[in-house]
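Laboratory data are not the source of any read-out in this text; all were calculated from the coordinates shown. What you see is a predicted model; the values in this text were computed from it and never measured. FYI the Cβ positions are ideal-geometry reconstructions off the backbone, even for glycines, and counts take in every protein chain you see.
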Amino acid sequence: MRFVESEGSTGSAGPTGGRPAPGTLYVCATPIGNLEDITMRALRVLREVDLVAAEDTRHTRKLLAHYGIPAKMVSYHEHNERSQALHIVEVLLGGGSVALVSDAGTPGVSDPGAHLIREAISNGIPVVPVPGPSAVIAALVVSGFCPDEFTFIGFLPRKGRERREALERVAQEKRVVVLYESPYRVARTLSDLTVAVGGERRVAVARELTKVHEEVVRGALGEIAALFDGRTVKGEVTIVLDAPEARGRPSSKTKTRGDHTK
């Protein structure tokens with residue numbers, strides 16, 4: 001096996017000469033769209049680890065191929081995370097190093113990974129973050145709201161009492177709120193938010209961040225909800241809802257096109 005020697009465990013035998021010291025679990029952030037948005041450190045870790053645990057191996061293979069990184073991969077997603085975590089922990093306890101990646105952004109934040117991280121910690125395995133791109137922070141900074149505090153709530157529940165209660169909590173929140181949404185549900189969510197907090201609240205809807213069709217739409221929530229009603233939306237969406245006491249925020253529809261790597 002190969003081991004990353006500059007961080008965490010080297011996988012060498014313990015002081016008694018018995019079982020090797022555990023390897024390291026690296027929680028690696030990957031691009032949210034543009035393949036250039038990855039750190040040199042993340043690329044090095046992906047090259048050096050013994051195993052890459054990927055949310056979708058097909059997706060991650062494209063990223064690794066782009067940078068010429070050969071890697072042994074195993075799938076780790078929401079449908080197999082408990083059973084697969086047992087295998088990955090065994091690799092780590094045997095001294096192997098593992099990189100955990102999601103399809104985009106950082107594992108464990110509205111993506112699979114939290115269970116494996118907890119299992120590694122409970123087994124005394126070093127867990128090392130390799131930070132990088134974040135749709136939450138990217139959307140927040142281009143929203144124009146620039147808060148000192150904000151609340152991230154991930155995805156709203158899809159239906160029923162859980163969704164109603166989540167919307168009520170959003171309505172009571174005094175800080176900027178950031179949430180993710182599927183392109184298939186964004187119109188409904190904007191409409192529900194309008195009912196929950198009022199149509200005058202400022203909002204920024206960021207779509208396809210860092211990609212060629214990147215778009216950020218800003219304005220009053222009621223107006224933006226009407227704009228998306230019946231519209232076909234593609235790509236993942238991040239919604240930034242301004243704080244209720246904010247005044248004088250900019251209102252504009254902005255479509256940007258920057259550097260893009262397929």
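Shown here for region 149-242: chymotrypsin sites (Phe, Trp or Tyr not before Pro) in loop regions (DSSP other than H, G, I, E, B) with at most 12 other Cβ atoms within 10 Å, namely Tyr184.
Note on region 135-255: Cα convex hull, mean projected area over all directions, 6.6 nm².
Over the residues of the chain, the helix contribution to mean residue ellipticity at 222 nm works out to -9500 deg cm²/dmol, using -39500 (n - 2.57) for each DSSP H run of at least 4.
Alpha-carbon geometry of region 85-192: the Rg and the Dmax are 17.4, 51 Å, given in that order.
Any aspartates and glutamates with Cα under 15 Å of the Lys159 Cα? List them, leaving off those in the same chain fewer than 8 positions away. Excluding near neighbours in sequence, the set is Glu168, Glu181, Asp192. For region 28-91, GluC sites (Glu not before Pro) are listed when DSSP marks them as loop and at most 15 other Cβ atoms sit within 10 Å of their Cβ; the list is Glu36, Glu78.
So for region 151-238: antiparallel DSSP bridges make up what percent, rounded to the nearest 5?
Details: 10 of 13 bridges.
Bridges in region 151-238 that DSSP calls antiparallel: roughly 75 percent.
Quick one: order Ser75, Ser102 by neighbouring beta-carbon count within 10 Å, fewest to most. It would help to have the intermediate numbers written out before the result.
Working: Ser75 16, Ser102 26.
Fewest-to-most ranking of Ser75, Ser102: Ser75, Ser102.
Could you work out which residue, out of Gly199, Gly68, Gly132, moves most in a Gaussian network model of the chain, that is, has the largest mean-square fluctuation with Cα springs under 10 Å? Largest GNM mean-square fluctuation: Gly68.
Specify which residue in the list Ser143, His79, Gly132 is farthest towards the positive end of the charge dipole of the chain, using unit charges on the beta carbon of Lys, Arg (+1) and Asp, Glu (-1), about the Cα centre. Value: Ser143.
Note on the chain: with charges restricted to the Cβ of Lys and Arg (+1) and Asp and Glu (-1), its dipole about the Cα centre is near 520 debye. For region 135-255, a crude dipole built from +1 on the beta carbon of Lys and Arg and -1 on the beta carbon of Asp and Glu, taken about the Cα centre, is about 280 debye to the nearest 20. Taking amide H atoms as placed 1.01 Å from N in the peptide plane, the amide H of Ala99 lies under 5 Å from those of Tyr26, Leu51, Val52, Ala53, each 5 or more residues away in sequence or on another chain. Put simply, the Cα atoms of the chain extend 67, 39, 32 Å along their principal axes, the longest span coming first.
How much of the DSSP bridge set in the chain is antiparallel, in percent, rounded to the nearest 5? Don't skip to the end; give the middle numbers.
On the way: 21 of 39 bridges.
Percentage antiparallel, nearest 5: 55.
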